Amino acid sequence: GPRAAMPPASSGLRRPAAGLALAEGLRQRARERPQVLLLDDAHLADPASLDMLELAALAGARAPLWICVAGRPALLGLRPHFGERSAQVSRHTLPPLAPEASRALLLHLLHPVELIPEPVLVRLEQLAQGVPLSLVELAGALRAAGALRASPGGGWYLGPRALLIARDAPGRAF
C-alpha cells in the first residue's frame, strides 16, 4: 500500500512515527509468515525500540508474532507495565544461579587457569550474585586486564590484578 510520509527530522515527531512504521512492518511480515523476535539484554534497549515492540504486539494486531524480551529486573523497574497491552503476556523471573552452578560457570570462564585461590573465587561469586552475565563480565574484565597469565613453565595462573579485585572490589559491582 501507499507509504505515509515521514515527518521532518526537526519536527520531533520522526522517532514515534518511525516506531509506528517499524511496528506495522513487523506485523505485516508476521501476517505473511509467522515471525519470532528475541531481544536479549532489553534493559539496555532505548525507549523507542521498546515502544515499537509493544506496538507490534498490541492485543488487536492479529498477526502470528511471538516476541521474547529478556532483561535484568531493572527493565521492569523503569517500565513496570511493559508488554501488558499485548495479546498474550507471560513473565518468568529467573532466580540466581545455585552456588554450585555459579562456581562451575566461573571456572569454565576462567579456563585455562586451574588453581584459583578460594578467596578470589568467593569474591567474584559475591560480586556476580549468581547472575550469569555478571560472571561473564567479571571474567572478561580479568582477561582484558591481563590477569590470566601463562606460566613460564607451562600452565596458567591469575596475576595480581585478580587478587586486587578480590580484596578491593565493593560488595556489588553491577
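Per the conditions (1) open to solvent by 90 Å² or more (accessible area, probe 1.4 Å); (2) in contact (Cβ under 8 Å) with a residue 24 or more places away in the chain, the sole criterion not satisfied by Pro112 is (1).
Ala173 - would you say it is modelled with pLDDT under 95, surrounded by 14 or more Cβ atoms within 10 Å (Cβ to Cβ), under 25 Å from the mean Cα position of the chain (by Cα) and outside any helix (DSSP H, G or I)? Answer is yes for this residue. Among the criteria (1) open to solvent by 50 Å² or more (accessible area, probe 1.4 Å); (2) modelled with pLDDT of 90 or more, the one Gly12 does not fulfil is (2). For the range 53-66, what are the residues that are more than 11 Å from Arg27 (Cα to Cα) and either under 18 Å from the mean Cα position of the chain (by Cα) or surrounded by 12 or more Cβ atoms within 10 Å (Cβ to Cβ) (or both)? Glu54, the sole residue that qualifies. Highlighted here are the helices (runs of 4 or more DSSP H) found entirely within the range 25-139 that include at least 3 residues which are within 30 Å of Arg149 (Cα to Cα): 99-109, 118-128. Specify which of the listed residues (Ala48, Ala104, Ala74) is of a type outside the set (Ser, Thr, Tyr) and open to solvent by less than 50 Å² (accessible area, probe 1.4 Å). It is Ala48.
Evaluate the following for Val136: is it among the aliphatic types (A, V, I, L, M) and open to solvent by less than 40 Å² (accessible area, probe 1.4 Å)? Here the answer is no, as Val136 does not meet what is asked.
The values are calculated or read from the model by the stated rules, or taken from the named source; none is laboratory data. Everything numeric in this text was worked out from a predicted model, so none of it was measured. Every residue, glycine among them, receives a Cβ derived from its backbone with ideal geometry; neighbour counts consider all protein chains shown. Just so you know, the surface numbers come from the protein's heavy atoms only, side chains and all, with ligands and any DNA or RNA stripped out. Shrake-Rupley method; radii C 1.70, N 1.55, O 1.52, S 1.80 Å.
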